[in-house]
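> Below: one structure in structure tokens.
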Amino acid sequence: MDIFDDQAYAMASEQFRIVSDYLEIDENLRQRTLHPKRAIAVTLPVRRDNGSIDVFRGYRVQHHLAFGPTKGGVRFHPRVTLGEVTALAIWMSWKCALAGLPYGGAKGGVTVAPETLSTHELEALSRRYMQEMIPFVGPHTDIIGPDMGTNEQVMAWFMDTWSVHEGYAVPEIVTGKPVSVGGVTGRREATGRGVVYLVERALNVLKLDPGKCTAIVQGFGNVGAVAALGLAYKSGMKITGISDAGGAFYRAGGIDMDQAEGWVKKHGSLAGFTEADPVSPEELLTLPCDVLVPAAVEAVITEHNAGQLRCRILAEGANGPTTPAADLILNERWDEIFVIPDILCNSGGVIVSYFEWVQGLQQFFWNETEVTDRLFRILEQAFTAMIKRARSEKIPHRLAAMAIGVERVMSAKKARGLFP
Ligand code: NAD
């Protein structure tokens, strides 16, 4: 068994094989480019509130170091494996390169269901994770951020643990932290905002009026909720379907996003939501809509449902929501479904994290308008580059986006050479 065995890693490898074949990358360079530079596994003992000790497993994977430090979030989720974290690190590399950020990809994770921990236990786990990572991460080597199951508070504990070790405040070790300890305004909303910007760009290309469009959003966390609220209140779209781990809901006449947000704040999830009809989570993805936003977990668009999707735009807010087998079907349906691939669609988060890191290093802060304006400028460049390449070479959007990212990484590796 390979240490990276996981469905997400198989997906990332297959996508890389496809782009490598397309770019005719030499076999020697493929291995060097795909495999991560470092993969770290740690054991995290945590004293529970009842006095017992539970042991959790944590990971950090740094994919390539050709541009500068690595960058990536930390996921707390029961399905986390070394292979999944590695896949997420690889996707981060292509994402950062496509956006022109000076980072290699990284990712971290702990195999845990965070909702089963008390606040005190979550703090102990977070601090222990950062403590174990101290020899391997740093503001100039690997910068940590949030992902599924982690939030601003967890980032603040990470930052504090690192800072206590150094003896002075080091805000630039993590991004996505609270504004009160050096976080950037607009980071929490950045990924969802980026999704909304890119959906509007795609609607513009397709000459569709957002005010007459409907959207279905899977996942109602940081990315999904911000995207759904933005699509409703900024773009003027009708949100007909939403879901999270607690259930899926549909209402053809449109769901009130304030009510949905209020429900989740009060109850912790959408479970039992009364303002729309419950549907099966699988069915939600194939209901008719103009924009479908998977913003939860990997591999939800597969060869089994890709042929049944009834959207005009597939906006991949999540990392890796579409399997390579599903891509083959979506490639056939290129004139029906406009795909905004994950490495572009959710890149708003890492772009604003980059601003947060730069601001931390310089101790010079911008306001939210400046942050959002710079975010949109970078997204626009990446979107235009992808569309231009897809059109000129008549290739799918994902292949075009990945080709740009992979070429940039390869060219940096080539320029730096192989040591020794
Ligand atoms: P989150 O923990 O804030 O929210 C995740 C949401 O997905 C929750 O509403 C949860 O209930 C829901 N969910 C979990 N399993 C589900 C399932 N099987 N079906 C439907 N819903 C389910 O996480 P997030 O930060 O919003 O991340 C979501 C996705 O976006 C992940 O793939 C993550 O890697 C990606 N992403 C996040 C960011 C970021 O800035 N947070 C940036 C880039 C990509």
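Coordinate-derived values only; no laboratory data. Not measured: the values here are computed from a predicted model. Counting neighbours? That spans all protein chains shown, and the Cβs are built from the backbone with ideal geometry, glycine included.
> Give the relative contact order (percent, whole number) for the range 1-123; include only Cα pairs under 8 Å separated by 6+ residues. Provide the component values of the computation, followed by the final result.
On the way: 224 pairs, mean separation 34.7, N = 123.
Result for the range 1-123 is 28 percent.
> If R₀ is 45 angstrom, what is the calculated FRET efficiency for the pair LEU23 and GLU275, using the beta carbon separation as r and rounding to 0.05? Don't jump to the answer; show the numbers that get you there.
Details: r = 49 Å, r/R0 = 1.08.
Efficiency at R0 = 45 Å is approximately 0.40.
> Same structure again: Amide H neighbours of ALA248 under 5 Å, at least 5 residues apart or on other chains, H built in the peptide plane: list them.
Answer set, sorted by chain and number: VAL279.
> If you take every DSSP beta bridge fully contained in the chain, what fraction is antiparallel? Give it as a percent rounded to 5. Can you show the working numbers first?
Working: 23 of 50 bridges.
In the chain, DSSP labels about 45 percent of beta bridges as antiparallel.
> So which lysines pass the test for LYS265, namely a Cα distance under 23 Å, with those fewer than 8 places away in the same chain ruled out?
Partners found: LYS177, LYS234, LYS238.
> Sticking with this structure for a sec: In nm, to one decimal, how far is the modelled label at ASN305 from the one at GLN259, with both set 7 Å along Cα→Cβ?
Between ASN305 and GLN259, the label points sit 2.4 nm apart.
> Follow-up. Can you put GLU27, GLU298, GLU166 in order of Cβ neighbours within 10 angstrom, beginning with the fewest?
Details: GLU27 7, GLU298 23, GLU166 12.
Lowest count first: GLU27, GLU166, GLU298.
> Given the range 157-312, what percent of its DSSP beta bridges are antiparallel, to the nearest 5? Please report the intermediate quantities before stating the final value.
Numbers: 7 of 16 bridges.
Within the range 157-312, antiparallel bridges account for around 45 percent of the total.
> Here's a follow-up. How long is the gain from ARG391 to ARG377 if the chain were fully straight, where each residue apart is worth 0.36 nm and the alpha carbon distance is subtracted?
Working: separation 14, 0.36 × 14 = 5.04 nm, distance 2.12 nm.
That pair, ARG391 and ARG377, stretches by 2.9 nm at full extension.
> Given the alpha-carbon gyration tensor of the range 186-340, what are the semi-axes of its equivalent ellipsoid in whole angstrom, ordered largest first, with each equal to the square root of 5 times an eigenvalue?
On the way: eigenvalues 99, 61, 42 Å².
Each semi-axis is the square root of five times an eigenvalue, giving 22, 17, 14 Å.
> Quick one, could you list the DSSP H helices from the chain stretching 18 Å or more along their long axis (Cα atoms) with average Kyte-Doolittle hydropathy of 1.0 or above?
The qualifying helices are 82-99.
> In deg cm²/dmol and to the nearest 500, what is the mean residue ellipticity at 222 nm of the chain if only DSSP H runs of at least 4 residues count, each as -39500 (n - 2.57), divided by the residue total? Walk me through the numbers on the way to the answer.
Details: 14 runs with 195 residues, N = 420.
Only helices count here, giving -15000 deg cm²/dmol.
> Rg and Dmax in Å for the range 219-266, alpha carbons only: what are they?
9.8, 27
> Tell me whether the range 23-103 comes out rounded, prolate or oblate; compute the Cα gyration tensor, take square roots of the eigenvalues as a ≥ b ≥ c, and use a/c under 1.5 as the rounded threshold. Intermediate results must be reported in sequence, preceding the final value.
Details: a/c = 3.14, a/b = 2.36, b/c = 1.33.
Prolate shape, in that a/c is at least 1.5 and a/b is the bigger ratio.
> Here is a follow-up. Specify, per residue and in Å³, the volume enclosed by the convex hull of the alpha carbon atoms belonging to the range 74-181. List each step's numbers first, then the result.
Details: hull volume 10.9 nm³, N = 108.
That works out to 101 Å³ per residue.
> Taking the Cα centroid of the range 171-218 and of the range 69-87, what is the distance between the two, rounded to the nearest whole Å?
22 Å
> Report, ordered by chain and residue number, the aspartates and glutamates lying within cross-link reach of LYS37, taken as a straight Cα distance under 15 Å and ignoring same-chain residues fewer than 8 apart.
By straight Cα distance, LYS37 reaches ASP142.
> Still on this structure, please answer the following. Can you tell me, using C-alpha contacts under 8 Å and at least 6 residues apart, the relative contact order of the range 239-285 as a whole percent? Could you put the intermediate results ahead of the total?
Details: 70 pairs, mean separation 21.4, N = 47.
Once divided by the residue count of the range 239-285, the mean separation gives 46 percent.
> May I pose another question? Explain nothing, just the number: relative contact order of the chain, from Cα pairs under 8 Å at least 6 residues apart, as a whole percent. Can you show the working numbers first?
Numbers: 848 pairs, mean separation 64.9, N = 420.
Taking the mean separation of contacting Cα pairs over the length of the chain, I get 15 percent.
> Along the positive direction of the dipole of the chain (beta-carbon charges: Lys, Arg +1; Asp, Glu -1; about the Cα centre), which of SER243, SER411, PHE365 reaches farthest?
Value: SER411.
> Tell me, rounded to the nearest percent, the portion of alpha carbon pairs in the chain spaced more than 34 Å apart. Spell out each step's value before the answer.
On the way: 23450 of 87990 pairs.
The calculated P(r) of the chain puts 27 percent of pairs beyond 34 Å.
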